[in-house]
Structure formats: C-alpha cells, structure tokens
1. How big is the gap, in Å, between the Cα center of segment 30-44 and the Cα center of segment 93-161?
2. On a full-extension model of 0.36 nm per residue, what is the gain between residue 129 and residue 82, subtracting their alpha-carbon distance, rounded to one decimal in nm?
3. Using the basic label-point model (7 angstrom from Cα toward the beta carbon), what is the residue 121 to residue 142 distance in nanometres?
4. How many times 2.2 N^0.38 Å is the alpha carbon radius of gyration of segment 16-147?
5. Given a Förster distance of 22 angstrom, what is the FRET efficiency for residue 36 paired with residue 112, based on the Cβ-Cβ distance and rounded to 0.05?
6. At R0 = 35 Å, how high is the FRET efficiency between residue 75 and residue 102 if r is their beta carbon distance? Nearest 0.05 is fine.
7. Using a simple spin-label model with points 7 Å from Cα along the Cα→Cβ vector, what separation in nm is obtained for residue 63 and residue 27?
8. So if each residue of separation counts as 0.36 nm, and I subtract the Cα-Cα distance between residue 18 and residue 150, what length gain in nm does that give?
C-alpha cells in the first residue's frame, strides 16, 4: 500500500446543509411588537428559510419537501408539501443560487390558522425543523378577515371576543408566552 492515498468514505449525504436562517418581513406582517415575531407569519405573506450547502454537487431542487403537522383540539393533520406545489393552502418553492438554498413557504388566504411544526426534507432525510404560527391577515384583501378601517376592526373585535379566546386556548404547540401575550392584548387578538 505504499504510495496510495486512502480517502474515508462518507456514509451520509454528499451534500450537507448548514447555517439555517429564517426571514419573515415583520413590517409587512405587522407583528413587530409580538414576542417571537420571527416565528409568526400572516396568511398571504411568506417565510423564507435560507441555508448554505456544502458538497461536490449542487442539490436537486425537486428533492425538497416539507412535512407539516397541525394540531387543533384532539385532531392531528399531517401532510407533505413538495417543491413548486401546494397542499392544504400552503405553497412551497425552492431556489438555488450562489451556494445558497432559499426555501419559501407561503400560506394562502385560506390556510388554517394555528401552530404548525414544519420538518424540511431533502430526499428522505430531515435537514431542519421549525415551529411557526400562522395568523389571520386583516390587512390582506383576499383574507376572510379583511378589515378596511379601524372602525370595522373595533366592531369585529367586540363581536368575536370570546371566539378568539376559545380558539387560542385550543391551539397546541404554541409558545406559552406568545399565547399569554395575545390573551392580555385584545387589540392583538383581533389580528388573529
């Protein structure tokens, strides 16, 4: 074996994903004063997850998918979202440029409101997991809760006050402090 170089064989993926970062436009979402605003997205807005990849080959974008889990009361909903497609009113799009992967998840105006756990997969391997809360969007004209003025907002809040408490008490996997914040601030409850 003199003169031969032996290279270790890597048993995992030839591509590794590192340095994950989440970006949500807090101004567009109007969630700047929420605790954990980086984990809250309103229907119609997007959350972007950035990561770098390291490896001898470029990743194949069609291999990206997201497994989503949503729990409301005693029911669980598990579903998959594949690249450039939608499932249960959530759309997934992946882009690659300059050694970076952009994973863009957009809840439509009809997406279920509540807390989700999203597991991002490349092929059959989970590469990242994130908890997100999806809220109503009264600032988006196509959302069913669209409120064109402050006067409409006050009337809506008065008529739906108890329903907000009921819905938020039943959301599981929510950050406890975030739920307490919403319960104490009725103005923010109206934005659900």
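1. Segment 30-44 and segment 93-161 have Cα centres spaced 9 Å from each other.
2. Gain on stretching residue 129 to residue 82: 15.4 nm.
3. 2.8 nm
4. Working: Rg = 14.9 Å, N = 132, 2.2 N^0.38 = 14.1 Å.
Against the empirical 2.2 N^0.38 Å value, I get 1.06 for segment 16-147.
5. Numbers: r = 19 Å, r/R0 = 0.89.
The calculated FRET efficiency here is 0.65.
6. On the way: r = 32 Å, r/R0 = 0.92.
The computed FRET efficiency comes out at 0.60.
7. The modelled label-to-label distance comes out at 3.8 nm.
8. On the way: separation 132, 0.36 × 132 = 47.52 nm, distance 4.39 nm.
Working it through step by step, the gained length comes to 43.1 nm.
The numbers here are math on the coordinates, done by the rules we state, and not lab data. No experiment lies behind these values; they were computed from the predicted model shown. Here the Cβ is made from the backbone with ideal geometry for all residues, glycine too, and neighbour counts use every protein chain on show.
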